[in-house]
Each structure stands twice: as C-alpha cells, then as structure tokens.
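A.B. asks: Below are the structure tokens for one structure; questions will follow.
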C-alpha cells in the first residue's frame, strides 16, 4: 500500500481472517511426469474454473434488482453493488477459463469446455473441492470464500456442503496413464501445474513442450482483456498462472483485493445489514432445479412449472451455443482475423444479451407447486458432458448461426404465452439473438448462400413485431418499405433498394452490392433466382408480393 492510500475499511470477519494470515508453508506439488498428465490436470483446472463461474452467476442472478422487491433505498444500493462485484468476479473466472485454454493450446491440446452437470457426482473432485448452485446468502458466501481461500489458510466450508473423499493416487516416473490428483486448494492445483510445466520443459526443452499454434489462443486482440496472455514458453505460462492465482486468492498474504477478499467484504456488509434489519432479504428464493434428470446416478430436483422449464431450456441452449462458439475459436482452422473477432464478439454478446437477462428472469419464475414460495435458477445443463467440437469451418458457422436463430424462434414462441414483464424480457433477448445469428451469417458466404430454413413460429406465423424487425437495420431502426400502388412505375430508389436491409447487403457482399443500382441490375436474374428459392435473404424467405415487385421492376426496364 502506498503512503497516499488510506487503509481499507475492514469488518469483523476481515479482522478475524487477517489474524490467520494465510502464510503457512504451501503444500508440496504433486508430480506431473508427462504431457498427457499435464493435459489431464489442465482439463480438471478448466472444469473447476467453469463450474466456479456457474456458481457465481447463479448467486448473482438471484439478487433482487430494486427497492420494488422489498428493499430499503440503502439496502438496494448495497445489493446492486454486490450484484456488480459478483458478476465482475464471474467475468474474471471466464478470463481464467480462457487462460487455461491458452495453456492447453500451447502444449498442443484441444480446448476443454465441458464439465459434469450440477449436481456433481460424488468424488468427482478432491475432498476440499465441492461445487453447488446456491442463491446469494451467508452460506453461498462462506462457500465461495472456502473455494478461493489462499494456501495455508484454514477456514471451513459452508454448513450443508457435503465433501466426498476420493483416493489420492500418486504419479510415478514409470506411469503412462494420467490420474486425478489430490489437491487441497485451487492454488495447490495451479502450483502443481506450474511445477509440472517447469519439470517437462527442463526435461525435454521448451520447443518440444510448447508445440501448439500461437494463433489458437485468446488474446486482447480478440477479447479486449489486457490480462489475457498468449502462452508460448515457460515464462508466459508462469505469467498466466500468476494472473489466475493473484485474482483468485491474491499474492501471498495479500488477499484483500482478490476474489477471496471481496467475498469477505461482502459477507461483512451482509452481516451488518442483517444486524440492522433482521428481516433483510437481498435475494430471491431461488432453488437449484434441473429441466431433465441426470444421466448419472445423482438425485436431481426437477422444475415442474411449464413456462419456467421452457425459459430454462432457452437459457441452456444459449449457454451450449456460447461454449460451441468458444470451442470453435480455440480450435479454428481457416478462419480469418475478422472471423475470429466475430466469434469472440458473439461469445460476449451471447453472455450479455441472452445468458444474463435470461438467468435473472428465471429467478423471478416459480419452480413449481412442489416448491412453495420458491423460484427457479439457471441450471447450466450441458447436453454433452464430453466436449462437442464442430470441426469443419463452413459447417461450424452454419450450425452456430442455425442454433442461435432456432433459439430466437423458440424465444418468440415462449413470449407469446408469457405474462407482461417476462414477455418484455424475452422480446429483448429474441431481438439480440436475431442480431447474433445475422452476425454469423454475414461473416461466411457459404452460410449466406445456402437455403435458410423457415423457422417454426407456430400456426400463426411470426409475430407482427418480427416482420417489422425484418425490415430494420442492424441498430433496429425501421427502414421505409413502400410497395408500389397498382399501375405505379416501379423504381430502384423508391421501391427496390428499401427492400434490402443492411444485413442482407453484408451477407451478399461476396456476390454483389444490393445498395448499388448498377450491381443489382447486372445481377437481377441471379437475385431473382435466390429470392424465389429462399437462399436470400439468409434469415427467411420473402413473401410472394415482394418477389413480384422485384420481378416487375426487372421486366419493366430497370427504372433507376
């Protein structure tokens, strides 16, 4: 701390923890003898970062949003600050997950973005590590502190968190099969990985160990985080691991500004508000429920409210597509820099425009009559517990765009039967998903040139606002479309050009410019064929009357 900095305020809990110090000698790292063992433990680190991130998001989504939910003005301000802090910590866990993917890529491995579904099977992690989805509250905060505790600091997990012990095999010099190792803290895991990297580089040489393509990594160029470090050697691997540990537990003995310290401060503030108002309840009564039973031998509570189940399904589809997008980024093949940036942007946009609003909406919806007074929470269910990698570029982009557009259509179906506040949230999500789908299509001609299926909006077709949005530009501003009156001369500027949206122009830029009179005239036959067979525009066929207008314009002499 500099001389100009004032000491940070600390509550009772922070004072108690300060006396514990967290300066006990670190545990000896477990041995990593070969690349496969290093890859195996990096995959476990990825699963751990992934699962911890889901826990934090679940808690953040459960927080109340305003004084309208029974908070005083002072309490609402404090709860909003907690919401912001926990979401920021969850974002940093996504950063950590990305750094682990960089480490995997650097040693020649594939990205690993899968993990066990919640609730976790017994003994998946060591006894000191158990993950559970819990709403915000004292128990959740104590659990988060336990997970983020510095090495050498003895604190207990929250009551009710069941830890299962598992065998602690030790890797020996002659072993060829990797094994799950025992570790007491996240810091212990990463320091063992750090020691394993140094050991293997010393044994075989850095060029042999760091054989992966440097371009297949998340960097500031694509995601904007200055903390993202491209891993190419032992020194950069060390910096990546240091970044993870210093954000989580803090530099040795300096935990206040790390995730651990931030949770300590939140718990102190929570206790203070509870002391002033014993009725203080900052969180919605969310309960962890799944949409579908677990395929493992795990007891799983299930949501029974039909609307809530459909919104949770939508959340999980968006979450799955986010992971598929990141998988494609880390395991890309011929993508250009612009396409890699589009993948990175899409992953961020899915988080902001779908995951966050849907996660918060779910905590306002009932879990079902079997759970009186309880709302649901995002379940983060994965459809594939092993990594699902889309290996072929053109097909991968088509499938990503298709899946997001299907999610938008499904969202439209849900909102038609949702109550007012929920429908308002869903309408915003649907519009955001539409834009993300078009961003995929605009960056790959092979996708835009193929027939786009007519999505199932239901027996009455798309809602009116969807038709209006189809004539809007990327910012959502409506473009004037004037169909000619009977006998009126059809002109390009008045009638034809306004039919094409900006996303249509971007999607077809590889073939012609839809905003250019000369280009459209020169390619009129091709454009008319595409309009008739539904391959243009990319997100749904034109109605017959618009096609007839274009055909009439062409047949009547291409009036400017």
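A.B. asks: Condition first: over 24 Å from residue 334 (Cα atoms), assigned to a loop (DSSP other than H, G, I, E, B) and either modelled with pLDDT of 90 or more or over 23 Å from the mean Cα position of the chain (by Cα) (or both). Now tell me which residues in segment 210-248 satisfy that.
C.D. replies: Hit for segment 210-248 is 233, nothing else.
A.B. asks: Looking at 388, 411, which one is in the same structural domain as residue 321 (by TED's automatic domain parsing) and under 21 Å from residue 114 (Cα atoms)?
C.D. replies: 388
A.B. asks: Mind counting the residues in segment 257-268 that are modelled with pLDDT under 90 and farther than 18 Å from residue 185 by Cα?
C.D. replies: Looking only at that region, the number is 1.
A.B. asks: Are any residues in segment 178-205 surrounded by fewer than 21 Cβ atoms within 10 Å (Cβ to Cβ), over 29 Å from the mean Cα position of the chain (by Cα), assigned to a helix (DSSP H, G or I) and in contact (Cβ under 8 Å) with a residue 60 or more places away in the chain, and if so, which ones?
C.D. replies: Across segment 178-205, the qualifying residues are 195, 199.
A.B. asks: Turning to a different aspect of this structure: Of the conditions (1) under 21 Å from the mean Cα position of the chain (by Cα); (2) more than 21 Å from residue 50 (Cβ to Cβ), residue 367 satisfies every one except a single condition; which number is it?
C.D. replies: Against the list (1) under 21 Å from the mean Cα position of the chain (by Cα); (2) more than 21 Å from residue 50 (Cβ to Cβ), residue 367 comes up short only on (1).
A.B. asks: Follow-up question, since we're still on this one. Looking at segment 69-95, which of its residues are part of a helix (DSSP H, G or I), farther than 19 Å from residue 47 by Cβ, in contact (Cβ under 8 Å) with a residue 60 or more places away in the chain and touching a helix residue (DSSP H, G or I) at 6+ places or on another chain (Cβ under 8 Å)?
C.D. replies: Here is the first cut: in segment 69-95, the ones part of a helix (DSSP H, G or I) are 69, 73-95.
Then drop every residue that is not farther than 19 Å from residue 47 by Cβ, which leaves 69, 73-88.
Then keep just the ones that are in contact (Cβ under 8 Å) with a residue 60 or more places away in the chain; that gives 69, 75, 78-79, 82, 85-87.
75, 78, 82, 85, 86, 87 - these are the residues of segment 69-95 that are part of a helix (DSSP H, G or I), farther than 19 Å from residue 47 by Cβ, in contact (Cβ under 8 Å) with a residue 60 or more places away in the chain and touching a helix residue (DSSP H, G or I) at 6+ places or on another chain (Cβ under 8 Å).
A.B. asks: If residue 262 satisfies all but one of (1) in the same structural domain as residue 118 (by TED's automatic domain parsing); (2) closer than 15 Å to residue 137 by Cβ, what's the number of the condition it fails?
C.D. replies: (2)
Conditions tested, residue by residue: (1) farther than 20 Å from residue 83 by Cβ; (2) not in a loop (DSSP other than H, G, I, E, B).
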position	(1), (2)
271	no, yes
288	no, no
293	yes, no
296	yes, no
304	yes, no
310	yes, yes
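A.B. asks: Within segment 60-85, how many residues are out of contact with any strand residue (DSSP E or B) (no Cβ under 8 Å at 6 or more places or on another chain) and either within 14 Å of residue 140 (Cβ to Cβ) or crowded, with 17+ Cβ neighbours inside 10 Å (or both)?
C.D. replies: Residues flagged as out of contact with any strand residue (DSSP E or B) (no Cβ under 8 Å at 6 or more places or on another chain) and either within 14 Å of residue 140 (Cβ to Cβ) or crowded, with 17+ Cβ neighbours inside 10 Å (or both) within segment 60-85 amount to 6.
A.B. asks: Assuming residue 130 fulfils every condition listed in (1) within 19 Å of residue 287 (Cβ to Cβ); (2) free of Cβ contacts under 8 Å to residues at least 60 places away in the same chain; (3) in a helix (DSSP H, G or I) apart from one, which condition is it?
C.D. replies: Status for residue 130: all satisfied but (3).
Table: residues versus (1) outside the structural domain of residue 313 (by TED's automatic domain parsing); (2) surrounded by fewer than 18 Cβ atoms within 10 Å (Cβ to Cβ); (3) over 15 Å from the mean Cα position of the chain (by Cα); (4) modelled with pLDDT of 95 or more.
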position: 352; (1), (2), (3), (4): no, yes, no, no
position: 373; (1), (2), (3), (4): no, yes, yes, yes
position: 382; (1), (2), (3), (4): no, no, no, no
position: 394; (1), (2), (3), (4): no, yes, yes, no
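A.B. asks: Considering each of 98, 114 in turn, give the residue that is assigned to a loop (DSSP other than H, G, I, E, B) and out of contact with any strand residue (DSSP E or B) (no Cβ under 9 Å at 6 or more places or on another chain). I'd like the intermediate steps shown before the answer.
C.D. replies: On the way: 98 fails: assigned to a loop (DSSP other than H, G, I, E, B).
The match here is 114.
The values are calculated or read from the model by the stated rules, or taken from the named source; none is laboratory data. Because the structure is a prediction, the values reported are computed rather than measured. Here Cβ is always computed from backbone atoms with ideal geometry, including for glycine, and neighbour counts include all displayed protein chains.
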